[in-house]
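The values are calculated or read from the model by the stated rules, or taken from the named source; none is laboratory data. The structure presented is a predicted model; accordingly, all values stated were derived computationally and were not measured. When we count neighbours, we look across all protein chains shown, and the Cβ atoms used for this are built from the backbone with ideal geometry, even at glycine. Areas reflect the complete protein model, heavy atoms only, side chains present, ligands, DNA and RNA absent. Shrake-Rupley method; radii C 1.70, N 1.55, O 1.52, S 1.80 Å.
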Amino acid sequence: MTKPWGNYYRWIVVLVGFMCLTSICSNYIIINFTFICMKNDMTNAVPDSNGTLRSIYDYSPSEKKWILWAVALGTMLGTLPINVLYVKFGARVPFLLAGIASIVSTGLIPWAAGFNYWILIALRFIQGLAYSADFAAIGLITVRWAPLTETATFIAVMTSFTGISSTATNSVTGVICESSLGWKWSYYLHAAVGFLLFCLWYVVYIDHPQDTKRVSCKELSKIEKSKSAAHLDKSTDVPYRKLLTSPVIWCVWLNAFFEMSAVIVCSTYMPIYFHEVLKFGVTETGFWVALVLFIWLPVRWVSAIMSDKITCIGERAKMLIFNTIAVGGTGAFFAVIGFIPVEQKYWSVAAFTMTMCCVGVNSGGFYKCGVLHARQYAHVVIAAIQWTKCVALFSAPAMVALFVSNESVRTQWIGVYLVFGGLMQITNLLSYCIFTDKPAEWTNSDEKPVSKA
């Protein structure tokens, strides 16, 4: 009997996985936008030292820093345990549990924000633990379900969750904040949608495509083509020591870290920069931030398809070209943002847009290098990229705290953009000496070329 999805069940898996990844990410970034709205909520106002009424939700820069860092700490501490769970049990149940943790903590945040600051921090920590499951899930879905000829496309689609979540969350939250519902309903809505999506995940996802009749023989053959027996082995142990001493993998992680730092600064501080420095209104800020974080997505998908389908250029050369755009190009545009005068604020919007568009090319750069070199252990490499993003969740706010004492002064932001932009140029140059498209010897994979058929 012909299946309604034909030979494309893997894309149903990718789509459902992508929506669940988006849900978890959206849940933890809601607060980046609601910071703007919360401080104007005088429902439970208290007098400050001068006797002036102040909203209990009007957090100081130091309090905001810990609210952001709680997620980073949770993600850092959760990355290794969740990766161990994925290796032992697959992604279906561990990712479901991560989703449940994210949903519950998100639904409780409005209550915690009004009741106790440290309970809010604890819930943000739980959101971080849940978020630690995201990148390992991407890696495992790619390893198990992606044909080698579709690696960049799988990664591009699933890692788009950051941009989609930022676009959807900022635009929806901006509208809800200014409606009669108020900012709290953004959390309730996100939690409800997350519940529905993770129910769908549990129904759709299977850990091994060969274990389900939903996958046709033709599709299974395509998924397994050019993969070694070691790659397809369900019980393979991860050679952590060899992986952690590989110069190629470390170069992948270094490129990822500095590019992730730029992404964190954009996703976390763009609303604040647009509102406080460029003087956009709340609704305008939501619109422009959503637009910037959406425009790069078509670039991401098209560049991934190009990376997988172009055959007239060698794989290593393609990776270096894509990485130069993704890391070098991002660094160049990022470095100039702080120098653009406030009077030319739309040029600032353009610079942020170009930064994110360059980021969109990374699936054909360091991501693809990590997957092709680590092969069946790529989920460990991609999970570690998640860990570098956790470090970036600390380093980005720390860099902002170092340079910026007044969020509305443009010149104080120059150091933040310049330092990260310069470091990206250096790490991109390192990739020219180290990147390879060959599988590592510890993967026990035959070094035969990936078939394009």
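One table, with the values for the structure above:
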| read-out | value |
| --- | --- |
| Subset of segment 406-421 [open to solvent by less than 50 Å² (accessible area, probe 1.4 Å) and either without any contact (Cβ under 8 Å) to a residue 60 or more places away in the chain or under 22 Å from the mean Cα position of the chain (by Cα) (or both)] | Gln412, Val416, Tyr417, Phe420, Gly421 |
| Tally of residues being modelled with pLDDT of 95 or more, over 22 Å from Thr159 (Cβ atoms) and among the hydroxyl-bearing types (Ser, Thr, Tyr) across segment 92-135 | 1 |
| Residues of segment 439-448 classified as open to solvent by 70 Å² or more (accessible area, probe 1.4 Å) and touching a helix residue (DSSP H, G or I) at 6+ places or on another chain (Cβ under 7 Å), total | 1 |
| Residue that is modelled with the highest pLDDT, among those in segment 12-67 that are in a helix (DSSP H, G or I) and among the aromatic types (Phe, Trp, Tyr) | Phe18 |
| Subset of segment 90-108 (residues that are in a helix (DSSP H, G or I) and in contact (Cβ under 8 Å) with a residue 60 or more places away in the chain) | Arg92, Phe95, Leu96, Ala98, Gly99, Ile100, Ser102, Ile103, Val104, Ser105, Thr106, Gly107 |
| All helices (runs of 4 or more DSSP H) inside segment 134-234 with 2 or more residues being within 22 Å of the chain's Cα centre (by Cα) and over 18 Å from Gly17 (Cβ atoms) | 161-177, 184-204 |
| Pairs where the first residue, in segment 240-256, is more than 12 Å from Ile382 (Cα to Cα) and touching a residue at least 40 places away in the same chain (Cβ under 8 Å) and the second is polar (S, T, N, Q) and open to solvent by 20 Å² or more (accessible area, probe 1.4 Å), C-beta under 6 Å, 6+ apart | Val248/Thr436 |
| Out of Ile337, Ile313, Ile295, sole residue that is β-branched (Val, Ile, Thr), in a helix (DSSP H, G or I) and open to solvent by 10 Å² or more (accessible area, probe 1.4 Å) | Ile295 |
| Test: residue in segment 239-246 that is open to solvent by less than 30 Å² (accessible area, probe 1.4 Å) and at pLDDT below 85 | no |
| Test: residue in segment 320-332 that is more than 18 Å from the chain's Cα centre (by Cα) and either part of a loop (DSSP other than H, G, I, E, B) or outside the structural domain of Phe258 (by the TED database) (or both) | no |
| Residue within segment 354-368 that is open to solvent by 40 Å² or more (accessible area, probe 1.4 Å) and of a type outside the set (S, T, N, Q) present | yes |
| Any hit, segment 195-213, residues being open to solvent by less than 10 Å² (accessible area, probe 1.4 Å) and within 28 Å of Thr311 (Cβ to Cβ) | yes |
